[in-house]
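Working notes, beginning with the structure itself.
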Amino acid sequence: MDGGGQYNPRTVEEVFRDFKGRRAGMIKALTTDVEEFYQQCDPEKENLCLYGFPNEQWEVNLPAEEVPPELPEPALGINFARDGMQEKDWLSLVAVHSDAWLLAVAFYFGARFGFDKTDRKRLFNMINDLPTIFEVVTGTAKKQSKEKSSVSNSSNKSKSISKGGQRASESGKFSKPVQAKDEEEVVDEEDEEEHGDTLCGACGENYAADEFWICCDMCEKWFHGKCVKITPARAEHIKQYKCPACSNKRARP
């Protein structure tokens, strides 16, 4: 199912790239594609699993038929719990199991290709530098970075930018602030400090100074414009931005 036979990462960097790709796919299922993911997890169907693939895609499917499978299998039967709990709790549960599966796959490769203690530690540290899927889905990654930035930065000027809402009419949530040349470097540094720990609610990757970002007015998560298909020009005309997950929540009867 997973193409595990022809796709075998052999170095720490390759295993980490594999991990990042699978992680991005699963984050997509639980955030930007959440409506589609929810519908595919029909409790009437058999035991379903959420798979993340190295190419950043996801799939809900039955488990592999061979025993034991080529790769460790994700949690079985995620669809059965769907209607028995609140949607956000169910998504958090799937996120926790997805985190456990990603680690299992990464360390399966590590064992199979004979990573020694140093390699395993390096792999784990690289993985641990990224927020977990659970942290991205529940927004705790965002809260942690907010706490960090409020401790490290007492400037109100960049705070008002990061809130997004106050500046919506001027800059479409957050694009590069306009300032005089002599101020430019100072404000850029504040930008970096304020947003350095900020993570995109869709892909979970960090803020970069040259990228356009937008903040959801409902859940207050930040997103790369490209991840939610919003351009700076389009953002100028949005009075109140709702991310795909928040839009879907309100759309469902």
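The values are calculated or read from the model by the stated rules, or taken from the named source; none is laboratory data. Everything numeric in this text was worked out from a predicted model, so none of it was measured. Neighbour counts are summed over all protein chains in view; Cβ atoms, including those assigned to glycine, are modelled from backbone coordinates with ideal geometry. All accessible areas refer to the heavy atoms of the entire protein, side chains included, with ligands and DNA or RNA removed. Shrake-Rupley method; radii C 1.70, N 1.55, O 1.52, S 1.80 Å.
Observations
- Filtering region 22-78 to residues that are over 14 Å from Leu91 (Cα atoms) and assigned to a helix (DSSP H, G or I) leaves Arg22, Arg23, Ala24, Gly25.
- Here is the figure for region 195-235: residues that are under 17 Å from Leu130 (Cβ atoms) and either open to solvent by 50 Å² or more (accessible area, probe 1.4 Å) or assigned to a loop (DSSP other than H, G, I, E, B) (or both) total 14.
- Tabulated pairs, region 223-239, first free of Cβ contacts under 8 Å to residues at least 60 places away in the same chain, second surrounded by 12 or more Cβ atoms within 10 Å (Cβ to Cβ) and among the charged types (D, E, K, R), C-beta under 7 angstrom, 6+ apart or interchain: His224/Glu211
- Taking the criterion of being open to solvent by 10 Å² or more (accessible area, probe 1.4 Å) and aromatic (Phe, Trp, Tyr), the residues of region 12-52 that qualify are Phe16, Phe19, Tyr38.
- Selection within region 50-82 - under 24 Å from Thr140 (Cα atoms) and modelled with pLDDT of 95 or more: Leu50, Tyr51, Gly52, Glu56, Gln57, Trp58, Pro74, Ala75, Ile78, Arg82
- Test: Leu130 is part of a loop (DSSP other than H, G, I, E, B) and modelled with pLDDT of 85 or more: yes
- Number of residues in region 215-237 that are touching a Gly at 6+ places or on another chain (Cβ under 6 Å) and of a type in the set (A, V, I, L, M, F, W, C) equals 3.
- Number of positions in region 79-105 that are closer than 19 Å to Glu135 by Cα and not in a loop (DSSP other than H, G, I, E, B): 18
- Selected residue (criterion: surrounded by the most Cβ atoms within 10 Å (Cβ to Cβ)) from residues of region 105-125 that are within 23 Å of Ser92 (Cα to Cα) and in contact (Cβ under 8 Å) with a residue 40 or more places away in the chain: Ala106
- From the list Glu135, Glu147, the one residue that fits, being of a type in the set (Asp, Glu) and at pLDDT below 95, is Glu147.
- In region 53-96, the residues that are surrounded by fewer than 18 Cβ atoms within 10 Å (Cβ to Cβ) and of a type in the set (Phe, Trp, Tyr): Phe80
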